[in-house]
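What follows is a set of notes on a single structure, which appears directly below.
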Amino acid sequence: MSFGPIPQAVSIAIQQNFLQREFEKALLSVLKYRLLATKETFSARIGETITKTRVGLMIPNLNPLNPQTNTNLDNGLSPSQYTSEQYTLGVAQYPQLAPDVNLADNQTTIADFIMKNAFNLGYVQAQVTERLSRNALFNAYLSGNTRVTATLGAPATTVEVDDTRGFQTVVVNGVVTAVSPSNPLPVKIDGVTYSVTGYANDSVNVSSAAVTGGTSGTITTSANVSTTNATAGNSVIGTYAPLVLRPNARPTTANLSGSDILDMPTCFAAVSALRSNGVPDDNGFYNFLLSPDSMTQLFNDTQFQILNRGVGTQDPNYKHLNVTEFLGMRFIPTTEAFVQPDNGNGVSETIQRPIVCGKDLLIEGQFDSAKDAILEMVRSIGPGEAYEKGQVFPVAGYDGYWQYMRGPLDRLGQIISQTSNWIGGYVVPTDVGTTSQQIPTASQAYYKRAVIIETAS
């Protein structure tokens with residue numbers, strides 16, 4: 001059976017879900033960071049943004065009930081209020097185009113080619129969402145952690161830094177607000193407290209963290225920074241910055257050396273920080289995303305080996321060089337992990353960045369209107385009719401990803417195309433509503449639900 005003039009090889013691939021299976025198989029082989037996201041429906045149009053509110057925790061009331069006021073309908077009690085945080089969500093389209101298929105080739109070649117296209121479209125489409133979700137996550141959780149890049153010749157209020165992320169805004173009454181003299185951001189430069197009142201990004205970005213979205217520039221403080229504090233290489237850390245851990249307590253990325261590799265004490269410290277902030281886990285474990293190189297470092301760690309002493313080489317963890325669930329962490333290797341090359345500007349090592357994550361740290365906006373339009377297209381027009389008219393029609397779909405085919409539009413009626421698309425966006429909400437009033441062991445960090453570990457390769 002064939003769909004109208006669709007070649008038999010293409011018809012069979014559609015009818016028997018070969019394209020669907022190849023598309024889905026490729027997607028699932030890549031997705032790691034995206035799986036951390038909580039999905040929310042996005043109701044606005046593409047290109048627009050919507051602001052949403054995330055409700056925090058209540059503050060415990062430690063005042064005993066007063067018998068003298070326990071006389072009316074409210075028993076003398078006042079309702080507690082939730083803390084709240086706002087975040088802005090937007091979506092965009094990210095289409096991918098596969099090489100065209102020429103029907104002048106023989107049927108065997110055509111079938112093989114469209115199957116390869118289906119797989120590769122799934123793979124590259126998954127890479128898109130992996131990198132978008134990863135970038136959003138790291139842009140938030142690397143913010144407010146940088147270093148001085150140029151020593152001041154004399155005390156001054158302008159300091160050159162490797163990365164201005166985390167020094168551009170401050171949260172005021174739950175709303176993200178640009179730093180200014182009236183809304184300053186407290187920071188520590190070489191351990192001494194100053195107030196940031198402004199910033200400027202360089203016209204040419206020379207940040208060593210550019211691969212993670214970092215932007216070099218300057219920060220402006222309300223008072224002069226001493227030359228001792230503003231010495232190249234010294235740390236600049238925002239008071240509300242997320243926790244970034246490094247082996248051997250290295251203060252900045254530039255201080256990492258070849259011996260500073262992933263170890264169990266640093267992993268334990270990350271888990272401890274998440275638990276101290278009351279971050280919920282994922283079915284008993286925190287998700288630990290890391291590169292294959294970082295996984296190898298872990299296996300070489302002495303303490304890791306001691307903890308696994310007596311485990312035979314036939315144990316699945318050793319047999320496959322992979323740890324799944326261990327000491328409160330779920331280890332998830334990924335080839336999409338951030339690896340920062342030794343690109344100069346003070347960094348002389350290739351930097352690995354494993355990240356330990358709790359639940360609900362990342363929001364994915366899903367554009368449901370697209371799904372409705374696609375399903376309506378499927379109902380209203382058959383593949384055969386669409387193909388004959390040279391129209392685009394869906395041939396595979398999975399969790400917001402769609403793959404399409406278009407019949408020939410060229411004069412010879414020989415060229416068909418395969419494309420894919422995903423419509424969505426990512427945002428990382430803050431945790432400013434969770435303070436020591438709700439959780440006594442909580443930190444001041446705006447972002448509390450993940451800990452990045454920086455190591456050398």
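Nothing in this text is a laboratory measurement; each read-out follows from the coordinates by a stated rule. All of these numbers come straight from a predicted model, not from anything done at the bench. Ideal geometry is used to build each Cβ from the backbone, glycine not excepted, and the neighbour counts take in all protein chains shown.
When each of M115, M405 is scored by the number of other beta-carbon atoms lying within 10 Å, the sequence from fewest to most is M115, M405. An ellipsoid equivalent to segment 10-50, defined through the eigenvalues of its Cα gyration tensor, has semi-axes of 30, 17, 7 Å when rounded to whole angstrom and sorted largest first. Relative contact order of segment 146-241: 41 percent, from C-alpha pairs under 8 Å at least 6 residues apart in sequence. Secondary-structure-derived ellipticity at 222 nm for the chain, considering helices only, amounts to -7000 deg cm²/dmol, per-run term -39500 (n - 2.57) for DSSP H runs with n ≥ 4. Is the shape of the chain rounded, prolate or oblate, going by the alpha carbon gyration tensor and its root eigenvalues a ≥ b ≥ c, with a/c under 1.5 for rounded and a/b larger than b/c for prolate? Note, shape of the chain comes out prolate.
Per-residue extension of 0.36 nm, minus the Cα-Cα distance of D399 and N173, leaves a gain of 77.7 nm for this segment.
Using the alpha-carbon atoms, what tilt in degrees (0 to 90, nearest 10) does helix 368-380 show relative to the longest principal axis of the chain? The angle comes out near 10 degrees.
Between V124 and V392, residue separation times 0.36 nm minus the direct Cα-Cα distance comes to 94.5 nm.
If one takes the longest principal axis of the Cα atoms in the chain, at what angle in degrees, from 0 to 90 and to the nearest 10, does the Cα axis of helix 18-30 lie? It is inclined by approximately 20 degrees. Relative to the dominant Cα principal axis of the chain, helix 107-141 is inclined by about 10°. Under the shape rule built on the C-alpha gyration tensor, where the axes satisfy a ≥ b ≥ c, segment 123-200 is oblate, since a/c reaches at least 1.5 while a/b does not exceed b/c. Under the classification rounded if a/c is under 1.5, otherwise prolate if a/b is larger than b/c and oblate if not, where does segment 21-73 fall, given a ≥ b ≥ c as square roots of the Cα gyration tensor eigenvalues? Prolate is the answer for segment 21-73, as a/c is 1.5 or above and a/b outweighs b/c. Using the Cβ atoms and a cut-off under 11 Å, what net charge is assigned to the surroundings of R34, where Lys and Arg are +1 and Asp and Glu are -1? Local net charge: 0.
Local charge for G284 was computed over the other residues whose Cβ lies under 13 Å away, with Lys and Arg +1 and Asp and Glu -1, and equals 0.
Electrostatic tally near D100: other residues with Cβ closer than 12 Å to its Cβ, Lys and Arg +1, Asp and Glu -1, net -1. Cα centroids of segment 111-140 and segment 408-440: 11 Å apart. Ranked by how many other Cβ atoms sit within 10 Å of their own Cβ, fewest first, the residues S259, S216 fall in the order S259, S216. The region of the chain that goes longest without hitting one of the trypsin sites (Lys or Arg not before Pro) in a DSSP loop, each with at most 11 other Cβ atoms within 10 Å, is 46-308. Counting every other Cβ atom within 10 Å of each residue's Cβ, E388, E24 order from fewest to most as E388, E24.
The label point for K52 and the one for T108, both projected 7 Å from the Cα toward the Cβ, are 5.1 nm apart. Beta-bridge orientation, the chain: approximately 85 percent antiparallel, per DSSP, counting only bridges with both partners inside. Between I306 and A249, the FRET efficiency from the beta-carbon distance, with R0 = 22 Å, is close to 0.55.
Taking one quarter of the surface of the convex hull spanned by the alpha-carbon atoms of segment 146-241 gives a direction-averaged projected area of 5.9 nm². Taking every lysine pair in the chain that is 8 or more places apart or spans two chains, those with Cα atoms closer than 29 Å amount to 24. Note on the chain: with charges restricted to the Cβ of Lys and Arg (+1) and Asp and Glu (-1), its dipole about the Cα centre is near 360 debye.
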